[in-house]
1. Enter the Cα centre distance for the pair region 43-81 and region 14-41, rounded to the nearest angstrom.
2. Please state the Cα pair-distance histogram of region 1-53 with 5 angstrom bins from zero: what percent is in each bin?
3. If packing is taken as the mean number of other Cβ atoms within 10 Å per residue, what is the order of 129-138, 69-78, highest first?
4. Could you please rank THR33, THR41, placing first whichever residue has the fewest other Cβ atoms within 10 Å of its Cβ?
5. Within 10 Å, count the other beta carbons around each residue, average over each peptide in 192-204, 86-98, and list them highest first.
6. Order these by the 10 Å Cβ neighbour count, fewest first: GLU10, GLU64.
7. Between CYS203 and residues 5 or more places away or on another chain, which pairs have amide H atoms under 5 Å apart, with H built 1.01 Å from N, and which residues are they?
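Every number here is computed from the coordinates shown, using simple stated rules; none is lab data. Please read all numbers here as calculations on a predicted model, not as lab measurements. No Cβ is skipped: glycine too gets one built from the backbone with ideal geometry, and neighbour counts run over all protein chains shown.
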Amino acid sequence: MIHNSISREEFVKDEIISTAQKLFRQYGFQKTTMEDIARSTGRGKSTLYYYYKSKDVIFTDVIEKEAREILLAVNNAVNSSQTASEMLQSYFIVTFESIKHKINLYGIMRHELLNTGDISSYKPALSQIKRFIRSEKTIIKNILLSGVNNHEFTQEIIKDIDMVVYVIITAQRAIFIDLTKRETDVESAKIQAMVNILLKGICTS
């Protein structure tokens with residue numbers, strides 16, 4: 001009975017999050033209400049409040065879900081790559097291709113990076129964004145260490161590996177900002193050019 005109760009709770013919460021994710025994507029965070037979410041799930045408002053005390057908490061879980069899905073896709077792509085250079089390239093390509101389809105995560109990062117609009121309503125979800133960025137840094141750092149261990153990347157980067165990770169993240173964000181301004185698909189040539197420049201600086205040959 002306990003197992004069934006837990007399973008049902010997880011099922012209902014997943015249903016709420018998936019429904020809210022679609023509504024936030026279609027109407028935006030500000031215009032979506034708890035009533036909208038309850039009505040779209042076909043459940044009473046009291047049921048919704050039983051699981052989530054506010055729209056902010058739901059939005060935070062939506063952001064967490066989207067970030068988790070992106071990281072899963074990135075890790076799968078990286079783990080399927082044969083060399084550290086391929087891992088780095090896979091990381092960039094999959095990250096950009098995945099995040100542009102995660103409208104809620106994409107939107108909040110856009111506001112934060114471009115410093116446009118009032119993001120005060122998004123503050124409860126910013127902790128998820130910070131966690132997502134920390135996970136990105138860990139993935140990049142592991143790729144660099146893998147490259148050093150198999151003698152693909154120079155040993156010199158070990159001395160300042162945190163700075164190298166910072167440079168890579170900064171370069172990634174620069175292209176992301178360009179993407180958000182232009183509202184166009186990511187140019188694969190631009191990603192490849194950035195990867196090539198990075199690799200020239202860290203590869204042993």
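1. About 13 Å separates the Cα centre of region 43-81 from the one of region 14-41.
2. Binned Cα distances yield the sequence 4, 21, 29, 23, 13, 6, 3, 1.
3. Numbers: 129-138: 14.9, 69-78: 17.3.
Answer by packing, highest mean first, reads 69-78, 129-138.
4. On the way: THR33 13, THR41 17.
Ordered by Cβ neighbours within 10 Å, fewest first: THR33, THR41.
5. Values: 192-204: 14.1, 86-98: 20.3.
The densest-packed peptide leads the list: 86-98, 192-204.
6. On the way: GLU10 10, GLU64 18.
Neighbour counts put them in this order, fewest first: GLU10, GLU64.
7. THR154
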